[in-house]
1. Under the Kirkwood approximation applied to all pairs of distinct alpha-carbon atoms, what is the hydrodynamic radius of the stretch 2-198 in Å?
2. R0 = 56 Å: FRET efficiency of residue 130 with residue 402, Cβ-based, nearest 0.05?
3. What fraction, in whole percent, of alpha-carbon pairs in the stretch 447-515 exceed 18 Å separation?
4. To make sure I understand, if each residue's beta carbon is the centre and we count other beta carbons within 10 Å, what order do 106, 285 fall in, fewest to most?
5. Relative to the longest principal axis of the chain, what angle (0 to 90°, nearest 10) does the C-alpha long axis of helix 436-453 take?
6. Would you mind pulling out the separation of the Cα centroids of the stretch 85-100 and the stretch 14-64, in Å?
7. In nm, to one decimal, how far is the modelled label at residue 54 from the one at residue 284, with both set 7 Å along Cα→Cβ?
8. Of all DSSP beta bridges in the stretch 1-155, what percent run antiparallel (nearest 5)?
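Just so it is clear, none of the values below were taken in a lab; they were calculated from the coordinates. Just so it is clear, the structure is predicted and the values come from calculations on it, not from any experiment. Note that we place each Cβ from the backbone using ideal geometry, even for glycine, and neighbour counts take in every protein chain shown.
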């Protein structure tokens, strides 16, 4: 006897369709799972056997072969348990599923038949919808997450018995108790899934119609002074440029960057789905979500993080911090305190905006389109640029050089804005500080200009321009081009720095609502390369 159901597993952050084929034949009772299963999948045999018996069904006493196709793809995780159990019940004639439904089955089984949640549901349900499935059977605890994908029937199971309630196994065989109390032997025939927990209209909040600012406890109006730093942060947000703040302790570097998400525009629905998928695949949606993630991610790992923690990896590769910051901000506080080899792995994601992790049997690609925000002291003691008498630097030139050498030239070259943050001075004289709402409205206006400029293009922000498209898009006046060429020759900057200055100048023009780049925009972009200019 042969039967087939469909399940799914994660491949990176995307769902992959898996055919669960079962074959029952005569021979000594033996169950084999083939199709490159990992340990968790092989152990599913014992979980499924116990769950079937403890729910009143009969585990087939035959030679059972379970094939997970495609056979050349490594199968990992426990999401196949429920599909294997139902496939065995249908193949052995104990259960008949609704013929009109094309169903994807997901879930981990406990020994008593209860069904436990699995990670990555969002990606797998999205796959089911794109593959033309009409319904998904999954753990009840995953229902709220699955309901974020509209246009497909979601049915939640708390227990294997929920699939056919009111049926028990007697010594004569499987019996079905009808509403009238009569008993009829034979398989359980399900006409539909209406008796299960069905997802109605989603109660999850929409990502639309929310307030412009979604961080009520963090606001730039709290930061007095530092107006030139706020200007740099607005430029970074307007073009999604990488930024580094450098200054003595206590000048507000961390405070300024932690408020950076408050001036970024909210995620679009497409971006929100991408971000939520990454978090789902990483197992970070433990609680029932209240909708697609609406706010751009802000990740701030500790400086003791490992390479695999930052970039992703492990025996079963999982997204790292650069992927968890997708469409948002990755904040590295006290940048030189990170290990140099950890920082060096950022160079490729900053250029390609993806991370590829290769293993013996497969290569996994994770998205990594993020804005890098960093902070650092000018020297180990932190007071190299301080002016106060009681804050004199005690570091030797060799120690300062060794401290800065922890950040390689190629990585520093990829940071567009390198801004000095001096001590605030007399903050009582700082005047009115712009709020996050005011700054965000300017940033969103610049984003709207870029969206119109790059309509039907693969780029969305100025920071993504490169190559021929950069030269065709950005045109400098002769005086501005001469200034930029002179700066590149005088400071011996790379062509990457040349292109990044051009892109920053375009963002400054967009932020100032100027139609064309002028010399002042290029000059302002150049002065933000302060580590190149050796101003401190």
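1. Computed over Cα pairs of the stretch 2-198, the Kirkwood hydrodynamic radius comes out at 16.9 Å.
2. Efficiency for this residue pair is about 0.60.
3. When every Cα pair of the stretch 447-515 is considered, 39 percent fall beyond 18 Å.
4. 285, 106
5. 80 degrees
6. Computed from Cα coordinates, the inter-centre distance equals 14 Å.
7. Distance between label points: 3.4 nm.
8. If we restrict to bridges inside the stretch 1-155, about 60 percent are antiparallel.
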